Amino acid sequence: MQKIAFILLLLSVCTSNISLSYGIRTELTHIDAGTKYTKLELLQRMVQRTKTRARFLASRYTDPTSQVSVPSSPSNGEYLINLSIGIPAQPLALTLDTGSDLIWTQCQPCLQCFSQPLPLYDPSNSSTFSDISCDSDLCQSLPHSACHKQCMYAYSYGDGSLTVGSLGSETFTLGSTQIQKVGFGCGFLNAGIFRSNESGIAGFGRGPLSLISQLGYGKFSYCFTSFGESKSSPVLFGSAADLNNWTSGKVQSTPLVTNPAVPTLYYLTLTGITVGMTLLEIPKSTFSLKDNGTGGVYIDSGTGMTQLAEPAYKQVKLAFLSQMKLPIANSSIDAFDLCFRLPSSSSDKVEVPKFTFHFEDADLELPTENYMAQDPDNSAICLVMGKSLDGSTVIGNFQQQNVHILYDLERSKLSFVPARCDQL
């Protein structure tokens, strides 16, 4: 009897440990990974995607009478999440987008589909696919839907791209974990500008249709490896996402803010910016969320370089002009409008002032490589930030590299800690 009791005790401990450590890990691939672009060409491509996405993000506010928020552009995401769908499994590469909710992929039979490297998903080859009914909660959550024996959707983006199809349920495989009955869009008419070698989009927003909401883990984290590296970046769900699992460093947290006009996005409270030792004189209203849903500050996986509201960008630019002890230089990248001439001798040390974002209850001090980049064609070093088009401030993924970031939806907090993302 004592032996049996001891075995039962061991089983209970093991079961407890399994539940505590339960979570999912899978990998993200940068859309330029494995290409032969130079570092400068990679920067140029990132800047162009940032400018394009910024125009589409700004389009959310073009129709003040609309009751439906327009998701950001799907065509300029930076990272692909690799997963499988159905049984037997069919591989997908979906753009990770914290700026939208719907999960969707191109499907057979397809009336109009864009080119993709992977075979189109075919629901007839899966034993676990089923249609979602029109009266389901997921169908009711769609911004535009219709009923034709099943739930039909039309999901448009800010650049005019769209996907039309039926809402289905399927088994998703992330890493080695299978998740049953995930609702997704099976797109048979997909049009627009899709250039990331994706099969579709994985919405990671805060709405009920998103992947993170449907998984039910309540939290996820990612850690973007250094820009230009070919190594994958981890994305983690549930208990696996907890930052203390991966680091002994100081974890900081700041509250997530909801914008009723665009509830999908992850808004934050930014209180100030320090360059060097100087806290910049930026009006408090610069980072405030306006009553009409404009302005504010949010973090976005699909934006490359950070876009600052104009008053903030002006002060940041003036601070670097006064603190950098180098002459002004031109850049071959149009969006870099603040560059400095590097010394002719490589032995001369270049001193770059520190850059810190001050969020509510947390300070994010960026490594130099997260806000300055070299333009070798012009022997220059440039500030990798820009001015936003719509008065908002967007924290882009270039500034997030080698920072492990946790989105905790249950506690409504964003946490972060510096990390070597290629070693997680």
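The values are calculated or read from the model by the stated rules, or taken from the named source; none is laboratory data. It should be emphasised that the depicted structure is a prediction, and the values quoted were computed from it without experimental measurement. Neighbour counts run over all protein chains shown; Cβ positions are idealised from the backbone, glycine included. In case anyone asks, the SASA skips ligands and DNA or RNA and just uses the protein heavy atoms, side chains included. Shrake-Rupley method; radii C 1.70, N 1.55, O 1.52, S 1.80 Å.
Of all the listed residues (389, 409), the sole one being among the aliphatic types (A, V, I, L, M), modelled with pLDDT of 95 or more and open to solvent by 10 Å² or more (accessible area, probe 1.4 Å) is 409.
Exactly one residue out of 307, 252 is touching a strand residue (DSSP E or B) at 6+ places or on another chain (Cβ under 8 Å) and surrounded by 20 or more Cβ atoms within 10 Å (Cβ to Cβ): that is 307. Listed here are the strands (runs of 3 or more DSSP E) enclosed by the range 94-175 that have at least 2 residues being crowded, with 17+ Cβ neighbours inside 10 Å: 103-106, 151-156, 162-174.
Based on what the data block shows, is residue 361 of a type in the set (Asp, Glu), open to solvent by less than 10 Å² (accessible area, probe 1.4 Å), in contact with a Ser or Thr (Cβ under 7 Å, 6 or more places away or on another chain) and at pLDDT 95 or above? So residue 361 fails the test. What are the residue pairs meeting all of these: first residue in the range 125-136, first residue more than 10 Å from residue 167 (Cα to Cα) and modelled with pLDDT of 95 or more, second residue of a type in the set (A, V, I, L, M, F, W, C) and open to solvent by 50 Å² or more (accessible area, probe 1.4 Å), Cβ atoms under 7 Å, and 6 or more apart or on different chains? If the second residue must be of a type in the set (A, V, I, L, M, F, W, C) and open to solvent by 50 Å² or more (accessible area, probe 1.4 Å), the pairs left are 126/87; 127/87; 128/87. Residue 207 falls short of the stated requirement of being of a type outside the set (A, V, I, L, M), closer than 25 Å to residue 298 by Cβ and either touching a Cys at 6+ places or on another chain (Cβ under 6 Å) or without any contact (Cβ under 8 Å) to a residue 40 or more places away in the chain (or both). Residues of the range 272-286 being more than 17 Å from residue 317 (Cβ to Cβ) and either of a type in the set (D, E, K, R) or in a helix (DSSP H, G or I) (or both), which ones? Result: 284, 285. Those strands (runs of 3 or more DSSP E) of the range 187-264 in which 2 or more residues are over 20 Å from residue 33 (Cβ atoms) occupy 219-223, 233-238, 252-257. Candidates in the range 33-55 are the residues that are open to solvent by less than 30 Å² (accessible area, probe 1.4 Å) and within 17 Å of the chain's Cα centre (by Cα); of these, the one that is modelled with the highest pLDDT is 46.
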